Structure formats: C-alpha cells, structure tokens
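These notes are about the structure you will find just below.
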Amino acid sequence: MLSANEVSIHNSRLSCWIIVSGNVYDVTDFLDEHPGGSATILRYAGRDATAEYQPIHSPTTLRDYLPEEKCLGPVDLVTMPKRSPIRPSSAMGQKIPMPPLENMISLLDFENVAKENLSRKAWAYFSSGATDMATVTLNRAAWNSVLFVPRVMVDVRSVDTSATMAGMSVTVPFFISATGMSKLAHPLGEVGFSRAAGREGVFFCISTNSSASMDEIVQAKEYNEQPFLFQLYMNKDRRKSTALLQKVASYHASPTPSSIFEKKNVRAVIVTVDSPAPGKREADERVKAEVSLDMGVNGGKGAAPDSKGGGIGRAMSGFIDPNVTWSDIAWIRKQLIPTTSSASGDVPFIGVKGIQCVQDALLAIGAGANIIWLSNHGGRALDSAPPALYVLAELRRDHPWVFNLPNVEFYVDGGIRRGTDVVKALCLGAKAAGLGRPFLYALQYGVDGVQRAIQILKDEVETTMRLIGATKVSDLGPHLLNMKALLPYLNDPISEFKRTSKAPKSRHEGLCKL
C-alpha cells in the first residue's frame, strides 16, 4: 500500500499521481491526452480526485486508458487526510427539502426542484445552452406554435400507444436521450435510466460520455431482451472508436448463433455529427472557471481558466473528431460486422444524430443511415440553429416519401416537454421523440423519479390521443395538425429535388445533386 504522504510528493506536471476510489494512478504521461486538458487533472495532483472524477467518468476510464504499470495500487486509507477544506463554490446554496415524488405532476415540476437542489455545477452543465440560448428558447416555442385539428365522436375508450423502434416493441414512442455525466444528478447515473426504461418499456440511449460503464448500464436491464440505443462520438484516435464499436457490437447479439436466448440489447449505433466543435455554453463555463480558480495546485491557487473559459461540456469534448464525413457511416458499419456476423449475420441499425436541414437528411438516407435523428443538440452547440420541428415539417411538406422508406426511421428531440409535443412529432412522421434534460432532472429522485417522469409523459400522450380522436399510433398524421403559424419559419427548398409525394426509384436516386 502507498501512503497519502507518498502520493502527495507527486504533485506536478513532471510527476503527477492521483487517488481515485482508493487506488493510486500515475497520470503523468496522460496529462496532455486528457480530453478535458491537463489543468483539470493537475488541480488534484498528489491528492484524492474521487469527488471530481466519479460524476464525470466511467469507473473503468483510467484502467482503459492507462498502461497496467501506471496503476500503482491501493492507498492506505488510514493515512488519508480529512477532506480538504476547499470552499464548495459549485454549491447553489442551502438546499431545500425535495417535495414528495407523488407531488410531481409534470416534467416542469422536476425541473423546478432541480434548479433549487442540484449543485451549481450540475445545474449549469445540464441547463446551459449556447451563447444567448436563442435556440433553447425557440425549441420550446416551436412546439407550442403547432395546433391540433381534433376529431370528435370517435370511440376512444381503448387507446393503444405501443409502437416499434429499431425493430423492437415499445409501450410508447418516446425515449430517454443520450446524456453524459448523469451522476451529477444522482449516484446511480445511467444505471438509474436503464432500470427505469426497462420497467416502463421504453428505450434508453447510452452516451459515449456516460458516467457509468457500458457493462453496468446494460447489466442493470430489467429484462433479458431490454433494448438500448448507443450514441457515438467519433474519437480522433479511430482505434479507440473501433474498440468501442466492437464492445457495442458484443451487446447486439449473443456469441453463439444457435442460442435460443439470443440477446440483441443494443439495437442501434447513432453517431452525433452536430458538434465538431463544442458550443459556447457560458453558464457552464463560468461555474467551471470559478472552480478552477478555487482549486489550484498546491494551496488552491494557479490553474486559471484559459481564454475560452473552462466549462465541463468543452472540457469533455476534446477527444471528438471534427473530421467526420458521410463515408464514416459505412466505416461504422464495417467496424460492427466482424463481431456480429458470426453470431446473427446482421448489424445494429446505423443512425446519424444532429441533422439540421432537409438536404443533410436526404444525404444521410443516401449514405445508408437507418435512423435520421433531427436535433440541434438541445440548443447546446450552435445558437440560432433551427428547431428540429422545423426540419421535420419541411421534410413532410417537400419529401413525404422519406417516411415510407423501409428500414428508415426519423427521431426528433429538442424542447419536448409534454405528451402533446410527442404526438405532434408522430403526426408529422417521426418514429419517436427523445427527451434529455427532463429525465436528468427526474433522476434526482433515483429510479423511481425517472419512472414517474415516464409515467407522466405516457399519460399525457394517451390523453392527447383521446382528445384528438386517435386510438392507435398509426391513426396519427398531418391531417390532425394546423401548421399555419409555423409556415413563415420554414425554409424554402434550395435543392434540385422537386416537391413530390412519389419516392424515387432507388434510395440513392438524385442524391448526388446535393
């Protein structure tokens, strides 16, 4: 065992050791490779970094990235000093008792509680949007601008909200979107999402930046065939992306093709493409900058933020490859084939997340994507990006044939807070709607909180369907919507595609014109 005093000597860039969960690691050679920059690690040089590390990283991150000889062994806990008296600048102040879970009757209730009870750092990271947050505001306003055209005198005693996503049945077509660092909301993190999603029969999309490991998340499933989506950030080091994709593929099918209990848990791999550079989330960067100033190396000074601030979002996106192109869809598929072909002869669905215009949606289809995820990253990347609803409406107006293509599904997110929003998305042709922040806020209450949030949204979807005269998801369509208020905001077609309800002869026909 190493003593805390031995570790404390190694507190500089020349020799940097840290303690995480009772184990000592030599991270000297890893400093410049760390996605969040070296200053993030150097703040804890020679000290216990567990409190900072756990909410942000998977438990296996250090073991995955460091050579075995850099994992130095356990620290003698008896020699550990008491907690450093660092001022908790990330705290929002005095927390108030959280209301009973049964008092939560809308997703907004969870958000209001989160604002008062999450740490300052967590709230800034979860709630922040890019620059002036115009897109964050517009995301929500867009859904409210669309009205229903309700039909009455319909027998709605029985309403069926079930549907399919990526070839699997779901109780209702919405899902928990990919969110990183969920342990900032609750120690269970993504494990809590996994359990709640399984209990309620909805998908959970696992993030590359999850604060729990892939094994922990999938093994926390509530039933054997519980399905997941996987959101991929492409790594600048493609070898790491290859290893990650092969890990994901191992959860798509069982290793023996003859097994009657073949598991296909990870149904789709969806690469995020809307953040080749991190968005400027000023609320996040201000809080992180304050923490940097308070937690400098050797006595709490130094490690000042750089000229761009020090937000968690920007720090955690340093590994993302800005050189991702349409050819990478085929590359991703190729990485998945070796593991899965021997087992079941197929690969997971391949998707693209972050499509923000009609032209790119068509290019994604032409490149072979199965899932076209319309998203502006919750307003966290490019401010003034269009709401996903706009793009969905433009596709429905100009290219309705895309919603009838086999093995092609459209997902949408951004500002969805009500069951009415989910139903509007389905009416326009979306296969499913994703929500991120609302479920993060519900996670404060653990698994039960996320489950409660799912139930609230499910009930709202069912109620909405009854009130517009729809008894099943296939009844939903644009005939149930009044889009007039939205029309001035939709983009005029700029491609050479003609508006037509007729699909081209092949999936790729005419796409080269774009």
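The values are calculated or read from the model by the stated rules, or taken from the named source; none is laboratory data. Quick caveat: nothing in here was measured; it's all calculated off a predicted structure. Here the Cβ positions follow ideal geometry from the backbone for every residue, glycine too, while neighbour counts run over all protein chains shown. Heads up: the accessible areas ignore ligands, DNA and RNA and are worked out on the full protein's heavy atoms, side chains in. Shrake-Rupley method; radii C 1.70, N 1.55, O 1.52, S 1.80 Å.
Whole-Hz Karplus values for the stretch 420-434 come out as 4, 5, 4, 5, 4, 4, 5, 4, 8, x, 5, 7, 7, 10, x Hz, taken residue by residue from phi with 6.51 cos²θ - 1.76 cosθ + 1.60 and θ = phi - 60°; glycine and proline positions read x.
Counting only heavy atoms of the protein chains and using a 1.4 Å probe, Thr463 has close to 60 Å² of accessible surface. For the pair Asn144 and Arg286, label points projected 7 Å from Cα toward Cβ lie 2.4 nm apart. Heavy-atom accessible area with a 1.4 Å probe sorts Arg397, Arg43, Arg199, largest first, into Arg199, Arg397, Arg43. With an a/c value of 1.5 or above and a/b not larger than b/c for the gyration tensor axes a ≥ b ≥ c computed over the alpha-carbon atoms, the stretch 96-227 is described as oblate. Rolling a 1.4 Å probe across all protein chains gives His399 an accessible area of roughly 10 Å².
Charge dipole (Cα centre; +1 on Lys/Arg Cβ, -1 on Asp/Glu Cβ; no other charges) of the stretch 106-246 amounts to roughly 420 debye. The residue among His479, Gln444, Asn376 whose Cα reaches farthest toward the positive pole of the charge dipole of the stretch 371-488, with charges on the beta-carbon of Lys, Arg, Asp and Glu, is His479.
When Lys221, Lys236 are compared by accessible area of protein heavy atoms, the largest-first order is Lys236, Lys221, using a 1.4 Å probe.
The order of the peptides 321-331, 415-425 by mean Cβ neighbours within 10 Å, most packed first, is 415-425, 321-331.
Ranked from largest to smallest solvent-accessible area, with a 1.4 Å probe on the protein heavy atoms, Glu116, Glu409 come out as Glu116, Glu409. Length gained on full extension, Leu77 to Ser162, computed as 0.36 nm times the residue gap minus the Cα-Cα distance: 25.4 nm. A 19 angstrom limit on the alpha carbon distance is what I want to check against. Which of Lys121/Lys353; Lys247/Lys334; Lys115/Lys458; Lys353/Lys472; Lys221/Lys247 exceed it? From Lys121/Lys353; Lys247/Lys334; Lys115/Lys458; Lys353/Lys472; Lys221/Lys247, over 19 Å: Lys121/Lys353; Lys115/Lys458; Lys353/Lys472.
Heavy-atom accessible surface of the stretch 344-471, averaged per residue, reaches 24 Å², computed with a 1.4 Å probe.
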